[in-house]
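Student: Please see the structure below; I have some questions.
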Amino acid sequence: MTTATDGWETVVGLEVHCELATATKLFCGCPNAFGDEPNTNVCPVCLGLPGSLPVLNRQAVELAMRVGTALHSEVRPSVFARKNYFYPDMPKDYQVSQYDQPLNAGGWLDLPDGTRIGVTRAHMEEDTGKSTHVGGSGRIQGANHSLVDYNRAGVPLVEIVSEPDIRSAEQAQAYVNELRAILVATGASDARMEEGSLRIDANVSVRRVDATEFGTRAEIKNLNSVRSLRRAVDHERARQVALVEDGGRVVQETRHWNEDHGATSSMRSKEEAFDYRYFPEPDLVPLDPGPVWISAVAGGLPSLPAARRAALAAKAGVAPADVALVVEQGLDRLVDAAINGGADPRLALARAANEVAADLAAGLVLDPAAFTDLLRMESERRVTPTQAKAVLAELLANGGDPVEIAADHGFEALADDALEAAVDAVVSAHPSQWERYAGGDQKLSGFFVGKVMAATDGRADGRAVTVALRARLP
Amino acid sequence: MTEPISRQDVAHVAALARLRLTDDELDRFTLQLGAVLDHAADVAPLDTAGVPPTAHPLPLVNVLRDDTVVAGLERDEVLSQAPAVEDGRFRVPRILGEAP
Amino acid sequence: MAGPSGPLSGMAASSDGPGSASQIARAVRSGQRSAVDVVDEHLTRIAEREPGLHAFNTVLADEARAAAVRVDGVVATGGDPGPLAGVPVAVKDNLCTRGIPTTCSSRILEHWVPPYDATVVSRLTASGAVVVGKTNLDEFAMGSSTENSAFGPTRNPHDPTRVPGGSSGGSAAAVAAGFAPLALGSDTGGSIRQPAALCGVVGAKPTYGMVSRYGLIAFASSLDQVGPLAATVGDAALLLEVIAGHDPADSTSISDPVVDLQTAVDEGVDGLRVGVVTELAEGADADVAARLDEAVKALEAAGAKVDEASVPAATHGLAAYYLLAPAEASSNLARYDGVRYGLRVDGSDVSDMNHLTRTAGFGNEVKRRIMLGTYALSAGYYDAYYGQAQRVRTLIIRDFEAAYADHDLLLSPTAPTTAFALGAKTDDPLTMYLSDVCTIPSNLAGHPAVSVPYGTGDDGMPVGVQVLAPALGEYAMFRAAGALERSRG
Ligand SMILES: [Mg+2]
Ligand SMILES: [Zn+2]
């Protein structure tokens, strides 16, 4: 439904807030930890007590620079600014963020299908505390009162703002998946949406496919998973298209995604004016990482998903999109080792993407040599595909030597003469079916393969049986 | 420099700053702020083309600390100063709007 | 030794006098005097005169005696309590003191008890000093008379019908009344120097970044600086040496080593080039101008070369200051919202509660400055007001640099007038603001300046002369301050 077959194009820009994986908060030495007792990781600084002052965490800067470098941003001299607005979960009633001089400016990210999405900026800022709403349904609307925990206040964030280059809900999802993979690969964040360490706001608008101007956008908040992002973009697109086709007008506003109702709704309550009155944070001095630090970060960056996809695709002789899943799961090193060991690239990819990915925790520590041996056994028909999957399952569960495992299960590859004998026996046992098969009824191929498999307890290779059958045709 | 500050402007900044003013206060503050801004308007005609702004009197850059945990405050001490507390958290009246 | 009513009964204590901080510390460290005696003597003086002056928001009699006992204990066991052993110090009530209310003279913080000490307070304690009380100030240090205190004004010890200046009026009055030989103040636009001048004591604002701001409740962060008030120049130098020095908890703290300022006090001014700032001398009352002339002659007599200097942009200091300082203040004071500490006035929802709390908790001057600053930063006005003021700040720094190209120090009156009567300027904020016209430029530039008492005006009230220096020019500054003090005998 997000394809442009109805004459409308979806335009999406995403703002992703990501908590950085530091030991301490952005401006104080309190632990950056999730799930602790409320208000136990606090100090004068992150509580905004009168007289307290911030001091910038070097590691937070380092991680933010890694993110920027991975996104091909220009890492620049930057200045922290105060964003002023009142909110009870914000201890100082201003947020220390970056405004006109962000640390990372510009950049891009390539999706697995090759689409390039522009990055406007990736700036540093501090997180807010967390409110729990009491009474009513437990949501903010209708609550009786709220309770605030400041453990999260001051946790370092990087806010990654994309250009409005995304054209569908699927692409939005792909962008977030790719971004998440980059954040994890760089060690910048664990990027767990379920723990709130990755949070997404989506700016969505629609326009006629031939339009050059963007439509008015709505900002959608409360997207708690990649799935809700996808649903919300689709829903918002439909809402805006219906609105405009009905002669209405999209209003620039913030809308709340309701997961249960599958719909967005306007967040405007009492009209409140916001004017953030940004100005340079006088309690901090400018940040200028300089060429030495910048190149050290660039030099220390691990190989990123896009590069890993390109490398593996080239090696396997397939398209980058075909290796996306394996790279996303971090199984590319396993596949790479298997190909180096002489395994068939496509078979290695297939087994990694299916059987290994299904048990990812074990897959990530699977012995590459054992995996390679198994793939070669399968290619050389020493075990059948069915047997190979059984051996792989055991390798994932307990490790071991694939040759021994196959032997223990009696998964000896059927000797060629044994196979020929089995085929002969089956053919002579079913003369009328053979006559029809020989007469050109291809459907009976399956019948004969099945019979041979049954007669050999599954030890025959299906493809070898087919070959043997064909060889007996007149 | 610009228009003199109006009663409406004062009402707007009071709202941004979460202050409530009576009608009398609004009148008085409009006059007083107008007088200060009128004096401040002295800086308007100065030719500052090409003059960089000074946000800070110091030429310092890159003041950073190590990412090492430092003991914070005891929760009981923190909450002892709070106007209202429930379940180890700061209790506030209902919040009408979500964060912007 | 100052009499029971302190320096008022005679001359201010000289550096060597028995009542000076350095003399007290020497006597206590050597075991000649007990810290308990020293503290009791000052507490007695406080008990006698404080009710008529209201220098303090809180007198810490029990805590001070306990601290004095500890100091004496260290001496008794052969230890050294430090350079301020047993010296009573009054601390401005915008510096955080753990377990002791810190109010900023505001209803909104009236019952707040900080869980931590300001860095300067820790350094005082570590040097053996005894904090005798928290001094009154204009609410959140916004004012020039201490009349903006929510808890009532402080009165000038030289004439209780007059203001002590502000915002560190309580600290200046405490030193002038002999309640403590030393006090800490904070100076954003003159808040140490102007009350020091009006109360006849020494007050210094150090180079921005020389003294930690950690635990100083912010008014305007890029201008605020903690500094000493003292009865003598030597004591001001001693206290500044104790509180100065790098603090990793303050990102704007400089790491330059602390210099030996006490040596500077006695060094003399031979060969120093001093310029009288024309633009700052202009608006002073005739009697104040006459004292400045005498100060010039005294410095010349002591071997300095004095001429005129010009800092043209300084005339715009006041205008720039009243855009920049309120802008920062409007943000710094947002946190007083009734959620985490301090006053709360209950409301129907959290925004209503914020409004009611702030409306009840802040006085009119604070509200004025919050609104002024909010306006200066708001959309559509930023460039014309805040942005332009920041560029004027650059111009002032450049003009100072030009003046310091051929001068070591500059000289001006500290305030254009002597202490005025209580209530004289409370209805006209702009006139009140003009009392800081000579002191503001140093804050905008981040430079040090010190006010030294220099005789009295026609009304018999103290006059102060201000010595200005370039960044980190404290050594030369204290040379001149010492010479000025000696020239009055
Ligand atoms: Mg943000
Ligand atoms: Zn903290």
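The values are calculated or read from the model by the stated rules, or taken from the named source; none is laboratory data. It should be emphasised that the depicted structure is a prediction, and the values quoted were computed from it without experimental measurement. Here the Cβ positions follow ideal geometry from the backbone for every residue, glycine too, while neighbour counts run over all protein chains shown.
Student: Which condition from (1) more than 16 Å from ligand 2 (Cβ to nearest atom); (2) more than 14 Å from chain C (Cβ to nearest Cβ); (3) modelled with pLDDT of 95 or more; (4) out of contact with any helix residue (DSSP H, G or I) (no Cβ under 6 Å at 6 or more places or on another chain) is the one that residue A:138 breaks?
Tutor: (3)
Student: Which members of the stretch A:1-40 meet the condition of being assigned to a loop (DSSP other than H, G, I, E, B) and either more than 16 Å from ligand 2 (Cβ to nearest atom) or closer than 16 Å to residue C:116 by Cα (or both)?
Tutor: Once the filter is applied, which keeps residues that are assigned to a loop (DSSP other than H, G, I, E, B) and either more than 16 Å from ligand 2 (Cβ to nearest atom) or closer than 16 Å to residue C:116 by Cα (or both), the stretch A:1-40 yields A:1, A:2, A:3, A:7, A:21, A:28, A:29, A:30, A:35.
Student: While we're looking at this one, here's another question. Within the set of pairs 6+ apart or on separate chains, which have a first residue in the stretch C:33-54 that is hydroxyl-bearing (Ser, Thr, Tyr), a second that is assigned to a helix (DSSP H, G or I), and C-beta atoms under 7 Å apart?
Tutor: Cβ pairs passing all conditions: C:34/C:72.
Student: In addition: When you scan the stretch C:399-489 for helices (runs of 4 or more DSSP H) that lie fully inside it, which ones turn up with 3 or more residues that are farther than 20 Å from residue C:187 by Cα and either touching a helix residue (DSSP H, G or I) at 6+ places or on another chain (Cβ under 6 Å) or at pLDDT 95 or above (or both)?
Tutor: The qualifying helices (runs of 4 or more DSSP H) are C:474-487.
Student: On to the next question. Return the total of residues in the stretch C:361-372 being more than 8 Å from every other protein chain (Cβ to nearest Cβ), within 23 Å of the chain's Cα centre (by Cα) and either more than 13 Å from residue B:32 (Cβ to Cβ) or β-branched (Val, Ile, Thr) (or both).
Tutor: Number satisfying all stated conditions: 2.
Student: May I pose another question? Residues being within 10 Å of another protein chain (Cβ to nearest Cβ) and of a type in the set (A, V, I, L, M, F, W, C): count how many of those fall in the stretch C:90-107.
Tutor: 3
Student: Let me spell it out: the conditions are (1) within 9 Å of chain B (Cβ to nearest Cβ); (2) within 21 Å of residue C:393 (Cα to Cα); (3) in a helix (DSSP H, G or I), and residue C:355 meets all of them except one. Which number is the exception?
Tutor: Unmet condition: (2).
Student: Kindly indicate whether any position in the stretch A:49-56 is within 10 Å of ligand 2 (Cβ to nearest atom), closer than 21 Å to residue A:197 by Cα and either at pLDDT 95 or above or surrounded by fewer than 24 Cβ atoms within 10 Å (Cβ to Cβ) (or both).
Tutor: No, every residue in the stretch A:49-56 fails to be within 10 Å of ligand 2 (Cβ to nearest atom), closer than 21 Å to residue A:197 by Cα and either at pLDDT 95 or above or surrounded by fewer than 24 Cβ atoms within 10 Å (Cβ to Cβ) (or both).
Student: Sticking with this structure for a sec: Go through the stretch A:67-82 residue by residue and tally those that are surrounded by 22 or more Cβ atoms within 10 Å (Cβ to Cβ) and within 14 Å of chain C (Cβ to nearest Cβ).
Tutor: Number satisfying all stated conditions: 3.
Student: In addition: Looking at B:61, B:69, B:43, B:78 in this structure, which one is in contact with a His (Cβ under 7 Å, 6 or more places away or on another chain) and either farther than 30 Å from residue A:38 by Cβ or hydrophobic (A, V, I, L, M, F, W, C) (or both)?
Tutor: Sole residue among the options that is in contact with a His (Cβ under 7 Å, 6 or more places away or on another chain) and either farther than 30 Å from residue A:38 by Cβ or hydrophobic (A, V, I, L, M, F, W, C) (or both): B:43.
Student: Have a look at A:42, A:12 and point out the one that is in contact (Cβ under 8 Å) with a residue 60 or more places away in the chain, within 30 Å of residue A:215 (Cβ to Cβ) and away from ligand 1 (no atom under 16 Å from the Cβ).
Tutor: Matching residue, one of A:42, A:12: A:12.
Student: Does residue C:214 qualify as being hydroxyl-bearing (Ser, Thr, Tyr), outside any strand (DSSP E or B) and more than 24 Å from residue C:389 (Cα to Cα)?
Tutor: The answer is yes for residue C:214.
Student: Looking at residue A:19 and the list (1) away from ligand 1 (no atom under 16 Å from the Cβ); (2) touching a residue at least 60 places away in the same chain (Cβ under 8 Å), which single condition is not satisfied?
Tutor: The failed condition is (1).
Student: Of a type in the set (A, V, I, L, M), closer than 29 Å to residue A:282 by Cβ and part of a strand (DSSP E or B): does that describe residue C:204? Explain how you work it out, then say what you get.
Tutor: Details: of a type in the set (A, V, I, L, M): yes; closer than 29 Å to residue A:282 by Cβ: yes; part of a strand (DSSP E or B): yes.
Considered against the rule, which asks whether it is of a type in the set (A, V, I, L, M), closer than 29 Å to residue A:282 by Cβ and part of a strand (DSSP E or B), residue C:204 comes out as yes.
Student: Out of the stretch A:141-183, which residues are within 16 Å of ligand 2 (Cβ to nearest atom) and of a type in the set (Gly, Ala, Ser)?
Tutor: A:153, A:154, listed by residue number.
Student: Turning to a different aspect of this structure: Restricted to the stretch A:219-259, and to residues that are outside any loop (DSSP other than H, G, I, E, B) and small (Gly, Ala, Ser), which residue is nearest to residue A:191 (Cα to Cα)?
Tutor: Within the stretch A:219-259, the subset outside any loop (DSSP other than H, G, I, E, B) is A:219-223, A:226-245, A:253-258.
From what is left, the residues that are small (Gly, Ala, Ser) are A:228, A:232, A:238, A:242.
Working: A:228: 16, A:232: 20, A:238: 29, A:242: 35 Å.
Going through the qualifying residues, I end up with A:228.
Student: How many of the residues making up the stretch C:228-279 are farther than 18 Å from residue C:180 by Cβ and of a type in the set (A, V, I, L, M, F, W, C)?
Tutor: Looking only at that region, the number is 13.
Student: Yes or no: the stretch A:75-87 includes at least one residue that is touching a residue at least 24 places away in the same chain (Cβ under 8 Å), part of a loop (DSSP other than H, G, I, E, B) and within 23 Å of the chain's Cα centre (by Cα).
Tutor: No: zero hits.
Student: Just for the stretch A:121-171: of the residues that are at positive phi and without any contact (Cβ under 8 Å) to a residue 40 or more places away in the chain, which one is nearest to ligand 1 (Cβ to nearest atom)?
Tutor: A:138
Student: With respect to residue A:219, is the statement that it is closer than 26 Å to residue A:263 by Cβ and either out of contact with any Phe, Trp or Tyr (no Cβ under 9 Å at 6 or more places or on another chain) or buried (at least 17 other Cβ atoms within 10 Å of the Cβ) (or both) true? Even if it seems obvious, please write down each step before you answer.
Tutor: On the way: closer than 26 Å to residue A:263 by Cβ: yes; either out of contact with any Phe, Trp or Tyr (no Cβ under 9 Å at 6 or more places or on another chain) or buried (at least 17 other Cβ atoms within 10 Å of the Cβ) (or both): yes.
Yes, satisfied.
Student: Still on this structure, I have one more. For the stretch C:159-185, give me each residue that is touching a residue at least 60 places away in the same chain (Cβ under 8 Å), in a loop (DSSP other than H, G, I, E, B) and of a type outside the set (Ser, Thr, Tyr).
Tutor: Hits for the stretch C:159-185 are C:160, C:163, C:164, C:165, C:177, C:178, C:179, C:180, C:181.
Student: May I ask you to list the residues in the stretch A:45-74 that are part of a helix (DSSP H, G or I) and either away from ligand 1 (no atom under 16 Å from the Cβ) or not hydrophobic (A, V, I, L, M, F, W, C) (or both)? So that I can check it myself, show each step before the final result.
Tutor: Looking only at the stretch A:45-74, we keep the residues that are part of a helix (DSSP H, G or I), and these are A:58-70.
Selection gives A:58, A:59, A:61, A:62, A:63, A:65, A:66, A:68, A:69, A:70.
Student: Looking at A:97, A:131, A:189 in this structure, which one is more than 16 Å from ligand 2 (Cβ to nearest atom) and part of a loop (DSSP other than H, G, I, E, B)?
Tutor: Details: A:97 fails: part of a loop (DSSP other than H, G, I, E, B); A:131 fails: part of a loop (DSSP other than H, G, I, E, B).
Exactly one of A:97, A:131, A:189 is more than 16 Å from ligand 2 (Cβ to nearest atom) and part of a loop (DSSP other than H, G, I, E, B), namely A:189.
Student: Before we move on, is residue A:337 aliphatic (A, V, I, L, M) and assigned to a helix (DSSP H, G or I)?
Tutor: Spelling it out, residue A:337 is indeed aliphatic (A, V, I, L, M) and assigned to a helix (DSSP H, G or I).
Student: In the stretch C:222-241, which residue that is in a helix (DSSP H, G or I) and buried (at least 24 other Cβ atoms within 10 Å of the Cβ) is farthest from the other protein chains (Cβ to nearest Cβ)? Show your work before the answer.
Tutor: Restricting attention to the stretch C:222-241, the residues satisfying the condition of being in a helix (DSSP H, G or I) are C:233-241.
Those still in the list that are buried (at least 24 other Cβ atoms within 10 Å of the Cβ) too: C:233-240.
On the way: C:233: 25, C:234: 28, C:235: 25, C:236: 22, C:237: 22, C:238: 25, C:239: 20, C:240: 18 Å.
Here the residue is C:234.
Student: Step by step: first the residues of the stretch A:105-120, then only those that are more than 14 Å from ligand 1 (Cβ to nearest atom) and part of a strand (DSSP E or B), then the one that is surrounded by the fewest Cβ atoms within 10 Å (Cβ to Cβ). Which residue is that? Step through it out loud before you land on a result.
Tutor: Quick first cut of the stretch A:105-120, residues more than 14 Å from ligand 1 (Cβ to nearest atom) only: A:105-119.
This time we only want the ones that are part of a strand (DSSP E or B), so: A:105, A:108-110, A:116-119.
Values: A:105: 17, A:108: 14, A:109: 24, A:110: 18, A:116: 12, A:117: 25, A:118: 17, A:119: 24.
Among them, the one singled out is A:116.
Results for (1) surrounded by fewer than 22 Cβ atoms within 10 Å (Cβ to Cβ); (2) more than 30 Å from residue B:63 (Cα to Cα), shown as yes or no for each residue.
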{"residue": "A:279", "(1), (2)": "no, no"}
{"residue": "A:284", "(1), (2)": "no, no"}
{"residue": "A:302", "(1), (2)": "yes, no"}
{"residue": "A:346", "(1), (2)": "yes, yes"}
{"residue": "A:382", "(1), (2)": "yes, yes"}
{"residue": "A:388", "(1), (2)": "no, yes"}
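Student: Is it the case that the stretch C:313-329 has a residue that's under 30 Å from residue C:143 (Cβ atoms), touching a helix residue (DSSP H, G or I) at 6+ places or on another chain (Cβ under 8 Å) and away from every other protein chain (no Cβ under 14 Å)? Don't jump to the end; show me each part of the working.
Tutor: At the first step, the residues of the stretch C:313-329 found to be under 30 Å from residue C:143 (Cβ atoms) are C:313-329.
With the extra rule that they be touching a helix residue (DSSP H, G or I) at 6+ places or on another chain (Cβ under 8 Å), the set shrinks to C:313-329.
From what's left, away from every other protein chain (no Cβ under 14 Å): none.
There is no residue in the stretch C:313-329 that is under 30 Å from residue C:143 (Cβ atoms), touching a helix residue (DSSP H, G or I) at 6+ places or on another chain (Cβ under 8 Å) and away from every other protein chain (no Cβ under 14 Å).
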